[in-house]
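The values are calculated or read from the model by the stated rules, or taken from the named source; none is laboratory data. Note that the coordinates shown come from a computational prediction; the quantities given were computed from them, not determined experimentally. Here Cβ is always computed from backbone atoms with ideal geometry, including for glycine, and neighbour counts include all displayed protein chains. Areas reflect the complete protein model, heavy atoms only, side chains present, ligands, DNA and RNA absent. Shrake-Rupley method; radii C 1.70, N 1.55, O 1.52, S 1.80 Å.
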Amino acid sequence: MGIHIRPANENDAQEVLRLYGEFTRYLRDLDEEVQGRLTVDSFMRDGFRPGAAFATLVADAPSEALVGYLIHTIGYDAEQAERTLQVVDLYVASSRRKRGIGSQLMSAAGEVASALGAARAYWTVARSNAQAQGFFRRFGADAVDVTYMVWES
């Protein structure tokens with residue numbers, strides 16, 4: 001049996017957080033500064049309560065733990081006057097890479113975007129993450145030259 005991509009539910013929280021932990025370690029190994037503050041509680045609070053800030057797709061392997069996830073949220077591009085899909089995180093377990101799971105997650109995110117009327121998707125990739133940059137280019141994404149600004153309240 002293959003991988004099944006589906007929306008996450010509350011019962012997936014522990015597994016998504018296990019994968020998130022792997023993701024933060026992976027980025028730290030690339031010398032990226034990663035806060036890694038997502039917890040089961042914040043995942044549940046911000047992903048499943050009314051007015052949720054994000055939604056999650058998971059890659060479910062029969063008789064196994066989850067093997068990947070994609071967190072996304074809806075945004076808006078005023079210049080284009082259109083909704084957008086913001087991919088917040090995409091991670092596939094290192095033991096399951098190069099098997100099309102990331103592509104399946106991105107395709108499912110594209111279907112979500114279309115259903116919500118979003119014409120394009122945006123995401124950030126760490127400069128040091130050449131593997132991810134290569135994946136996204138093969139998927140048809142283009143890098144854009146922007147300065148990413150952060151404001152903390």
Trypsin sites (Lys or Arg not before Pro) in the stretch 1-90 lying in a DSSP loop, each with at most 15 other Cβ atoms within 10 Å of its Cβ, come to ARG37
Furthest towards positive pole of dipole, TRP123, ALA13, GLY2, structure part the chain, Cβ charges
GLY2
If I model a spin label as a point 7 Å beyond the Cα along the Cα-Cβ vector, how far apart are those points for GLN80 and SER128 in nm?
3.0 nm
Under 5 Å from the placed amide H of VAL88, counting only residues 5+ away or on other chains, we find ILE71, HIS72, THR73
Per residue, in Å², the accessible surface of the chain once ligands and nucleic acids are set aside, probe 1.4 Å:
64 Å²
The stretch 27-153 - charge dipole about Cα centre, Lys and Arg +1 at Cβ, Asp and Glu -1, debye rounded to 20:
420 debye
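If each DSSP helix of 4+ residues adds -39,500 (n - 2.57) and the sum is divided by the residues in the chain, what number results at 222 nm, nearest 500 deg cm²/dmol?
Theoretical 222 nm ellipticity from helices: -10500 deg cm²/dmol.
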Ignoring any ligand, DNA or RNA, what whole percent of the accessible area of the chain comes from carbon and sulfur when the probe is 1.4 angstrom?
49 percent
